[in-house]
Amino acid sequence: MLEQFRKFGRELFLQGVNSSHSGNMSVRMGDRIFITRRGSMLSDLTERDIIETGLHGDDSHIVLASTEIKIHRAIYQGTSALAIVHAHPPMAIALSLICDEIIPIDTEGIYYFKTVPVIATELTVGSDEVAEKLPPVLGNYRIAVLRGHGSFAVGQMLEEAFQWTSSLEATCRVIYFAAQLGFPGALARGKQGEPSW
Amino acid sequence: MAYGWMGRYLEVDLSTGRVGYKELSEELLTHYLGGRGLGVRLVAERGPGIQPFSPDNPLVFAVGPLTATPAPTAGRFSLVSRSPLTGTIFDANSGGRFGVQLKRCGVDALVITGKAPQPVYLSITDRGAEIKEANHLWGEGVKETTDTIVEAEGEEASVACIGPAGENASLMAAVMNDTHRACARGGLGAVMGSKRLKAVVARGTIPVRVADRERLDFVIRESRRWIKANPVTSRGLPFFGTAILVNLINELGAFPALNFQRSNFEGAENISGENLTENILLRRKACWGCPIGCARVTEAGGMRGEGPEYESIWALGAQCGIDNLETVAKANYLCNQVGLDTISTGSTVGCAMEARQRGYWPEGPIFGDGEDLLRLIREIAQVDGRGRELAEGSRRFAQRRGAPELAMEVKGLELPAYDPRGLQGQGLGFATSNRGGCHLRAYLVAPEILGIPKMVDRFSTRDKPGLTIFYQNINAAVDSLVFCRFLQFSLSDDYFARMLSAVTGKAFRSQDLHLVGERVWNLERSFNLACGISGEEDTLPRRLLEEEVKEGPARGRVVYLEKMLPLYYRARGWSLEGVPTKEKVKDLNLPTFKG
């Protein structure tokens, strides 16, 4: 399992969707969760950076777990996901500030997502509000973006959740470039006040 | 004094009965803040030549500029004196609500000297102090004493008192406040007992003035968000209390057992926070103004009380080879009731158990014997029977028994629940602590175990001198404010500076707090040196320096103190012998001592 965490943690950093210490990942195994340590560098994970704790209840390892443990638990309890990747992809975050949803215009994005919900909450880090709003959305979508904060992607395995994260950022880049080039409607459909999800 | 501080302290001479206020200058308060810093300054200015049990030895209760404001955990106070256990200048701090009541009496500190002709207690109000007769309380336990005084003085009154241990001058005696909270370490309860002072009760109504309430509320709101977002302060400590560390530290091979003969304990799970929560927890509790709430109200063995905390679980459990949670909880209740420091008591009994194991004390207790532990706690408090041998702590006991190497202490203060062979920075922190074997002076547990602010290699000595100094300084400042150490899990230094600025109306930056901390640290050091406690005492028990850990993650390691200590001295601006240079003393504007 460590190898998987190391591989995709490093890729997230190399692809520029995480900064040095941002983001977190987890895997569910029955009633246990394996999650990255609070403050760890996803690009340089060691055995000590993978923290095992309960799906439902806390134990002593909770003091080491990622700050977002509450959100990961809520997602696992509210969806069939077995893996979660949380990242801070800059293009997706930028678009989330002006859109209620991110609607792909490129073939890959349309194929994978159709639309990516943007969720707005007052507090975006480890808050009860996020834990309440995000799981129902991820029950229907592979990935969603917390406005101004970052993406949460789910899958059966880490690679899947990683893929949605990587693909979302690529899609957002296309939207941005297309808008810069004057492509009509590149941003129009996802603007605030018009969510379709 | 306009905001935050009250600008004066109350002085009581128990020998003469004289009571009076003295002013505190703005400069002194800005330089030392309050709590530990102010207390150390007030003790130090009376000179290092005073013996701990001399009537002239001052006992100082001190609060901070943020005490009794809405700032989180701002209900604490410090107790400072010269310790009879270590001979050093010594501060202990405690939560509950005593600090709030004392501050509302309109003072930043209470300085007690002298010795009463008969047992007394001090009643502090807005109008000053009144010395009251306490013959009827002498010999009583902490709960009875507290209840009796509260009944006499009113529900709002908050009581800090000693139990029989303090009366009988056990060098491990604590001062207990609000029944269950403790200024536990260093035997300051014995100093109080030597003055025939059974208790101090405070009940005040004077409000603390805040310079910029709007700004303070904003910083507090922000602080609470961080506290809530951090799993340590929002889940770990509230749900399991400090005992959450038992399993964690044990897994890391840094949970000492059987007087540090081992670095993990087979019965750890039985005495863990998880087990405590499941089996003996009645409810959670918080000190005044605390949003974390790590205190536990528990029931075990037909007794009810608070705790046990992580350190107490270790000292009365693993250190003594006891893995029965009920026994550990009962021992903890008993220590609180008779007014004993759980860490020093458990550690000293563990030392005695090894003395028995190795044939140095044939009538000593045996590892794992919980009933004997309970018996010994009573005897230590009464300084009676075998307790007479142990009441002066492990260093004196082991020396008398001809086996000084069995005492797990630094400067006479028993070490707490971390085996530094698996935590090099914590080892340096223990060795250089001004009050002896204390985990909270530097508390490198945060970066070495909890990854706060970032995880460092706990087995490496690299960078540890600099980190140790950094934390010793900022912690001294936080102890002077007086805030709880656990707040630092969630808040960076600048939050403390911002709250202090908002309350006092004076501009403080985080580097100003570090400077205050450095000043306090160097003053403590200079005082200790003048007391004859030299750099040679900056060391650890031989076992930790020479005996390799036999199993677990720290296998094959000792503390590599010789690599860290010279660098530490140099980075402190001290001589190779660990003495602050004249330049350092001058830079920090410290008083100088003869000696």
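The values are calculated or read from the model by the stated rules, or taken from the named source; none is laboratory data. The structure presented is a predicted model; accordingly, all values stated were derived computationally and were not measured. Note: ideal-geometry Cβ built from the backbone for every residue, glycine included; neighbour counts use all protein chains shown. Side chains included, ligands, DNA and RNA excluded: accessible areas come from the protein's heavy atoms. Shrake-Rupley method; radii C 1.70, N 1.55, O 1.52, S 1.80 Å.
Things worth noting here:
- Scanning the range B:127-163 for residues that are buried (at least 21 other Cβ atoms within 10 Å of the Cβ) and touching a Phe, Trp or Tyr at 6+ places or on another chain (Cβ under 9 Å) gives B:Ala134, B:Leu137, B:Thr145, B:Ile149, B:Ser158, B:Val159, B:Ala160, B:Cys161.
- Residue within the range B:272-281 that is away from every other protein chain (no Cβ under 14 Å) and closer than 30 Å to B:Leu500 by Cα present: no
- Qualifying positions in the range B:521-552 - outside any helix (DSSP H, G or I) and surrounded by fewer than 16 Cβ atoms within 10 Å (Cβ to Cβ): B:Gly532, B:Ser534, B:Glu547, B:Glu548, B:Lys550, B:Glu551
- Pairs with Cβ under 9 Å, 6+ apart, first in the range B:28-39 and touching a residue at least 24 places away in the same chain (Cβ under 8 Å) and over 15 Å from B:Phe77 (Cβ atoms), second buried (at least 24 other Cβ atoms within 10 Å of the Cβ) and of a type in the set (Phe, Trp, Tyr): B:Leu29/B:Trp5
- The set of residues in the range B:230-249 that are in a helix (DSSP H, G or I) and in contact (Cβ under 8 Å) with a residue 60 or more places away in the chain comprises B:Val232, B:Thr233, B:Leu237, B:Thr242, B:Ala243, B:Ile244, B:Leu245, B:Val246, B:Leu248, B:Ile249.
- Filtered by the rule that a residue be without any contact (Cβ under 8 Å) to a residue 60 or more places away in the chain and either surrounded by fewer than 19 Cβ atoms within 10 Å (Cβ to Cβ) or farther than 17 Å from A:Ser166 by Cα (or both), the range A:106-122 gives A:Thr107, A:Ile110, A:Tyr111, A:Tyr112, A:Lys114, A:Ile119, A:Ala120, A:Thr121, A:Glu122.
- When the range B:572-587 is filtered for residues that are surrounded by 15 or more Cβ atoms within 10 Å (Cβ to Cβ) and not in a helix (DSSP H, G or I), the ones remaining, listed by number, are B:Gly573, B:Trp574, B:Gly578, B:Val579, B:Pro580.
- Number of the exception - A:Asp58 against (1) open to solvent by 20 Å² or more (accessible area, probe 1.4 Å); (2) within 25 Å of B:Trp226 (Cβ to Cβ); (3) in contact with a Phe, Trp or Tyr (Cβ under 6 Å, 6 or more places away or on another chain); (4) at pLDDT 95 or above: (4)
- Complete set of residues in the range B:553-571 that are part of a loop (DSSP other than H, G, I, E, B) and surrounded by 14 or more Cβ atoms within 10 Å (Cβ to Cβ): B:Pro553, B:Ala554, B:Arg557, B:Val558, B:Val559, B:Tyr560
- Residues located in the range B:442-466, provided they are more than 19 Å from B:Phe255 (Cα to Cα), part of a loop (DSSP other than H, G, I, E, B) and more than 14 Å from chain A (Cβ to nearest Cβ): B:Thr461, B:Arg462, B:Asp463
- Considering the range B:123-178, the qualifying strands (runs of 3 or more DSSP E), each wholly inside and each with 2 or more residues that are closer than 15 Å to B:Lys195 by Cβ, run over B:128-133, B:158-161.
- Scan of the range A:45-55 for residues that are exposed (fewer than 15 other Cβ atoms within 10 Å of the Cβ) and part of a loop (DSSP other than H, G, I, E, B), ordered by number: A:Thr46, A:Leu55
- Selection of the range A:129-155 for residues being assigned to a helix (DSSP H, G or I) and either touching a Phe, Trp or Tyr at 6+ places or on another chain (Cβ under 7 Å) or aromatic (Phe, Trp, Tyr) (or both) yields A:Leu134, A:Leu138.
- Among the candidates B:Phe240, B:Phe255, residue that is within 22 Å of the chain's Cα centre (by Cα), open to solvent by 10 Å² or more (accessible area, probe 1.4 Å) and on the phi < 0 side of the Ramachandran plot: B:Phe240
- When the residues of the range A:142-183 are filtered to those that are modelled with pLDDT under 95 and polar (S, T, N, Q), the one that is least open to solvent (accessible area, probe 1.4 Å) is A:Gln156.
- Restricting the range A:12-44 to residues that are open to solvent by 70 Å² or more (accessible area, probe 1.4 Å) and not in a loop (DSSP other than H, G, I, E, B), the residue that is nearest to the other protein chains (Cβ to nearest Cβ): A:Asp44
- Conditions (1) within 11 Å of chain A (Cβ to nearest Cβ); (2) in contact with a Phe, Trp or Tyr (Cβ under 7 Å, 6 or more places away or on another chain): number failed by B:Phe239: (2)
- Just one of (1) touching a helix residue (DSSP H, G or I) at 6+ places or on another chain (Cβ under 7 Å); (2) open to solvent by 50 Å² or more (accessible area, probe 1.4 Å); (3) over 26 Å from A:Glu11 (Cβ atoms); (4) not in a helix (DSSP H, G or I) fails for A:Val125. It is (3).
- Just one of (1) over 20 Å from B:Thr233 (Cα atoms); (2) touching a Phe, Trp or Tyr at 6+ places or on another chain (Cβ under 9 Å); (3) not in a strand (DSSP E or B) fails for A:Ile71. It is (1).
- Residue within the range B:125-142 that is touching a residue at least 24 places away in the same chain (Cβ under 8 Å), under 23 Å from the mean Cα position of the chain (by Cα) and not assigned by TED's automatic domain parsing to the domain that holds B:Gly393 present: yes
- Matching helices (runs of 4 or more DSSP H) fully within the range B:296-406 where at least 2 residues are touching a strand residue (DSSP E or B) at 6+ places or on another chain (Cβ under 7 Å) and outside the structural domain of B:Ala190 (by TED's automatic domain parsing): B:325-338, B:342-357, B:370-382, B:394-400
- Any hit, the range B:214-222, residues being at pLDDT 95 or above, of a type outside the set (Lys, Arg) and over 30 Å from B:Asp493 (Cα atoms): no
- Candidates B:Glu214, B:Glu222 - the one that is acidic (Asp, Glu), within 14 Å of another protein chain (Cβ to nearest Cβ) and open to solvent by 10 Å² or more (accessible area, probe 1.4 Å): B:Glu222
- Among (1) surrounded by fewer than 23 Cβ atoms within 10 Å (Cβ to Cβ); (2) at positive phi; (3) at pLDDT 95 or above, the one test that B:Gly301 misses: (3)
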